[in-house]
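A short write-up of the structure that comes next.
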Amino acid sequence: MSTSKKRIVILGAGYAGTFLATHIARYVTEKAGEVILIDRNPYHQLLQEIHLVAAGFRTADEVKIPILTLIDRMDIKFIQSTVKKIMPHKNLVVLESSEITYDLLIICLGASTKYFNIKGARENTLPLRSISDASLIYDKVRALIKSNKKHNIVIVGGGATGVSLGGALSGFVNESKRSDRLSITIIEALPTILSEWDERLAKKVNEILHKKEIRIMTSSAVTRVENDNDGSSSIYLSDSGSKIPSSLTIWTAGVKGYDIPINPEVKKTKDGKIILNEFCQIDRYPNIFSIGDIAAVKDENGKLYPPLAQIAVREAKYLSELIPKYVISDLENLRHLPPDKKFEYNIKVQLISLGNDDYVGLFNTHVISGNLAKLVEEFSMSAYIKTLESGGRDIMNTSLYGDDIFSQLVSGITFARFTFMKWLEKKS
């Protein structure tokens, strides 16, 4: 058993990487370890809220947390740089600015936009994967609103991102009193929107979007996107080559694992996600773990966990407990982790934003919407930020991520307290 100082390198400061770094640092310090967090941006992005930036309901600064501010007084070293290559046989990460070795590596680089090799999709549409993407969409939509012509915004992809964006943009357009001149269409290749979500929640979302006068086209696969001479585009569908005109096309049709070269290569899915075992670990290189949207981890039914923020955070919490207890002190024995410590998580709550004040959720098998759904979302975001800032020391909020009876009890008490404080704010 080695007692030398261990260097733990975390690539990516998204939900997975940031949660892991802030929660693991206090344990690693006790074990004479070193935590290094690397990201190309100097801030952590609250990606679940960037659709609100695109619709003008949030500013860019409101959905970003400076990393140096977040990790202040924590034993975490932050390096702002782009990851260029991983060389597992040398325990080496090549950055744009330097190279860094590691004893333990956790890859949390997230996902990028997937265009399915559809002609013109990459060139003639805008993605929504970052704060800068959202800011660009906001500028484009605002320009359309100011125009005196009729326009159609088309969102390709009826998953969570596309649906949230459509609902938010509808609110933006309605507030501008230009709904008679600007329409919104969501195109989805599958028979339903939110196909991976609970069908009861999806049905409720569909009803709300129709009330917002958003046109929803399902079972409509896009075959190509052509740029027209006036700056608009034409979207061609698979059904007999029908065409949809679009003044602004936003692509939210799918994601793939962030394209990072790993040499020698490791196994990946067709979508570029790193294939892992039940410990979120690469079998070939047991000192490399991966979590978040870039990770391909199977649930108890053999199905890959979906690319959701709550899954990324749960995986991060899992590793923040597994690594200090079973990994740091015994790096030479990483191929033999306790079989009863594999990652398992059942999604109990689903929440989706459809605008500044519109939320829909599934909570304990019940569909919720309106003020209650909004309150649950606000509580979840508040608890997430507080547990980051405390590095997991804030027991009242950290309990939200526990599955035991004690955690559930404390979470209920904390939510009740949060609700009461919100009520007092409205009364004052």
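A few notes on this one:
- Count Lys and Arg as plus one, Asp and Glu as minus one, and take only other residues whose Cβ is under 14 Å from that of Ala189; the net charge is then -1.
- With 0.36 nm allotted per residue and the present C-alpha distance subtracted, the Glu344-Met87 stretch has 89.6 nm of extension available.
- Estimated distance in nm for a label pair at Arg40 and Ile405, the labels positioned 7 Å out from Cα along Cα-to-Cβ: 4.9 nm
- Order of Trp197, Trp251 under a 10 Å beta carbon neighbour criterion, fewest first: Trp197, Trp251
- Between the beta carbons of Lys298 and Glu321, assuming R0 = 25 Å, the FRET efficiency works out to 0.80 to the nearest 0.05.
- Packing-based order for 48-58, 157-167, 183-193, using average beta carbon neighbours within 10 Å, highest first: 157-167, 48-58, 183-193
- Residue-wise HN-Hα couplings along the stretch 318-333, as the Karplus relation 6.51 cos²θ - 1.76 cosθ + 1.60 with θ = phi - 60° gives them from phi, are 4, 5, 5, 9, 5, 5, x, 7, 10, 10, 4, 7, 8, 5, 6, 10 Hz; Gly and Pro carry x.
- Each peptide in 139-145, 37-43, 309-315, 365-371 was scored by the mean count of other Cβ atoms within 10 Å over its residues; highest first, the order is 309-315, 37-43, 139-145, 365-371.
- Pairwise label distance in nanometres, Arg200 with Ser147, each label 7 Å out on the Cα-Cβ vector: 4.3 nm
- Local electrostatic count, Glu332, Cβ distance below 12 Å [Lys/Arg +1, Asp/Glu -1]: 0
- Bridging of Lys273 to aspartates and glutamates at a Cα separation below 17 Å is possible for Asp259, Glu265, Asp283, Asp293, Asp299, Glu315, once same-chain residues fewer than 8 apart are set aside.
- Length-normalised contact order for the chain - Cα pairs under 8 Å, 6+ apart - percent: 18 percent
- Ascending count of other beta-carbon atoms within 10 Å, so fewest first, for Met396, Met421: Met421, Met396
- Along the axis of the charge dipole computed for the chain (Cβ charges of +1 for Lys and Arg, -1 for Asp and Glu, origin at the Cα centre), the listed residues Ala253, Cys280, Ser399 are led at the positive end by Ala253.
- Ordering Arg73, Arg200, Arg26 by the number of other Cβ atoms within 10 Å of each residue's own Cβ, fewest first, gives Arg73, Arg200, Arg26.
- Whether the stretch 305-428 is rounded, prolate or oblate, judged on the alpha carbon gyration tensor where a/c under 1.5 counts as rounded: prolate
- The spacing between the stretch 350-366 and the stretch 46-72, judged by their C-alpha centroids, is 20 Å.
- The phi-based Karplus calculation (6.51 cos²θ - 1.76 cosθ + 1.60; θ = phi - 60°) puts the 3J(HN,Hα) values of the stretch 120-125 at x, 5, 5, 6, 10, 9 Hz, whole numbers, x for Gly and Pro.
- Given the choices (i) 22.2, 72; (ii) 21.0, 62; (iii) 20.4, 68, Rg and Dmax of the Cα atoms in Å derived from the coordinates of this structure is entry (i).
- The overall shape of the stretch 357-428, judged from the alpha-carbon gyration tensor, is oblate: a/c is not under 1.5, and a/b is no greater than b/c.
- Taking each residue as 0.36 nm, the span from Ser176 to Arg335 lengthens on full extension beyond its C-alpha to C-alpha distance by 51.4 nm.
- Shape class of the stretch 63-136 from the alpha-carbon gyration tensor: oblate, with a/c at 1.5 or above and b/c at least as large as a/b.
- Between helix 131-146 and the chain: long-axis angle, C-alpha atoms, 0 to 90°, nearest 10: 10 degrees
- Remark: for residue pairs Lys140/Lys211; Lys64/Lys342; Lys6/Lys325; Lys64/Lys268; Lys270/Lys342, the C-alpha separation exceeds 21 Å in Lys140/Lys211; Lys64/Lys342; Lys64/Lys268; Lys270/Lys342.
Read-outs: derived from the displayed coordinates by stated rules, not from any lab. All figures in this text were calculated on a predicted structure; none of them were measured in a lab. In this analysis, Cβ positions are derived from the backbone assuming ideal geometry, glycine residues included, and neighbour counts consider all displayed protein chains.
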